[in-house]
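A quick write-up on the structure given underneath.
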Amino acid sequence: MTRLQGKIAIVTGASRPGGIGAAICRALANEGASLFFTHLYDYDKEINPNDADENWPDLFAGELRQLGVQAAHMKWDLSVPGSASDLLSEVRKAMGLPTILVNNAAYSVDADFRQLNESLIDAHCAVNIRGTFMLSAEFARMLEAEKKAQASPSVLGGRIINLTSGQGKGPMPGNLAYAATKGAISVFTESLAAELAPLHITVNAVDPGPTDSGWMSEEVKSALLPSFPMGRIGLPEDAARLIAFLASDEAQWITGQIIHSRGGF
């Protein structure tokens, strides 16, 4: 299918071959979109040391180009002030005007009430809240300015798709800062959608549920499997297919939604 032919998409946090970010890039590329993806090896080598490879982004860009689309990437840290506008400038120089933004990058360190401290809270907020909020806002401002400059501004629209973690479906003990900051993204999604609807920019969020993206041990899989009525654990491709749909023109009437795509978990 080529529902996204000629579109340019930004996907943050595509750092590992088995991750959700990589699956999103593949799904969008298969629909014809060109990709600009970001990665942060320094974070991944601490969180996913067995799956982190500093050279993988170059290889992955080559894989995407074989699908007949443009692909570019850069190391990018959401927590750095001003990084949102810098990223958008790089994308425009490298590929042109992006109209799809997938906020997939996240910061997550397990911490219960005994371990929680100021630095952990600040680290989660800097990436999950400030980084996501500012990139979304800068992206919308960029499209608004482009819309005003066009001769036929009504044609231009956009898509913002955020990733959440099901924090609204139940408690997440042992992961307090992550759950709280992901909850903030859900609230932000709903309110931003109302603001951007007049610009024909849709804003939605996807909760993929527990996903086998490389972090699950066999013990974890065995413990989770009985809670999946469909008889299997979620895969990165499950979330990617939904996100590709939300990025398409077919989803132009869907906005402000938190979609729990978790196989009945």
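The values are calculated or read from the model by the stated rules, or taken from the named source; none is laboratory data. Remember, predicted model here, so these are calculated numbers, not experimental data. Here the Cβ is made from the backbone with ideal geometry for all residues, glycine too, and neighbour counts use every protein chain on show.
In the range 150-175, the qualifying residues are those that are more than 18 Å from V187 (Cβ to Cβ) and touching a helix residue (DSSP H, G or I) at 6+ places or on another chain (Cβ under 7 Å), and the one that is modelled with the lowest pLDDT is P153.
Condition (residue is of a type outside the set (G, A, S) and touching a Leu at 6+ places or on another chain (Cβ under 6 Å)) applied to the range 163-182: is it met by at least one residue? There is at least one residue in the range 163-182 that is of a type outside the set (G, A, S) and touching a Leu at 6+ places or on another chain (Cβ under 6 Å).
The sole residue among K147, K182 that is basic (K, R), within 20 Å of G19 (Cβ to Cβ), in a helix (DSSP H, G or I) and touching a helix residue (DSSP H, G or I) at 6+ places or on another chain (Cβ under 8 Å) is K182. Contact annotation: residue pairs with Cβ atoms under 8 Å, 6 or more positions apart or on different chains, pairing a residue in the range 124-150 that is more than 19 Å from I161 (Cβ to Cβ) with a partner that is among the hydroxyl-bearing types (S, T, Y), are H124/Y107; H124/S108; H124/Y178; H124/T181; C125/T181; A126/S79; A126/Y107.
How many of the residues in the range 217-232 are assigned to a loop (DSSP other than H, G, I, E, B), surrounded by 10 or more Cβ atoms within 10 Å (Cβ to Cβ) and at pLDDT 85 or above? It would help to see each step written out before you state the result.
Initially, the range 217-232 is screened for residues assigned to a loop (DSSP other than H, G, I, E, B), giving 217, 228-232.
Those left that are additionally surrounded by 10 or more Cβ atoms within 10 Å (Cβ to Cβ): 228, 230, 232.
Then drop every residue that is not at pLDDT 85 or above, which leaves 230, 232.
Number of matching residues: 2.
Taking the range 24-46 as the search range and keeping residues that are over 21 Å from K93 (Cβ atoms) and modelled with pLDDT of 95 or more, which one is surrounded by the fewest Cβ atoms within 10 Å (Cβ to Cβ)? Steps first, please.
Just the residues of the range 24-46 that are over 21 Å from K93 (Cβ atoms), to begin with: 24, 26-27, 30-32, 41-46.
Filter once more, so that each one left must be modelled with pLDDT of 95 or more: 24, 26-27, 30-32.
Numbers: I24: 31, R26: 20, A27: 22, N30: 19, E31: 20, G32: 16.
My answer is G32.
How many of the residues in the range 177-208 are closer than 27 Å to A145 by Cβ, among the polar types (S, T, N, Q) and surrounded by 17 or more Cβ atoms within 10 Å (Cβ to Cβ)? The total comes to 3.
Please go through the range 218-244 and give me each residue that is free of Cβ contacts under 8 Å to residues at least 12 places away in the same chain and not β-branched (V, I, T), ordered by number.
E218, E219, S222, A223, L225, P226, G231, listed by residue number.
Beta carbons closer than 8 Å, at least 6 apart along the sequence or on distinct chains, pair a first residue in the range 250-265 that is more than 20 Å from G168 (Cα to Cα) and outside any loop (DSSP other than H, G, I, E, B) with a second that is of a type in the set (F, W, Y) and modelled with pLDDT of 95 or more for A251/F245.
Can you say whether A106 is part of a helix (DSSP H, G or I) and either of a type in the set (S, T, N, Q) or crowded, with 17+ Cβ neighbours inside 10 Å (or both), as far as the supplied structure shows? Spell out how you get there, then give the answer.
Working: part of a helix (DSSP H, G or I): no; either of a type in the set (S, T, N, Q) or crowded, with 17+ Cβ neighbours inside 10 Å (or both): yes.
No.
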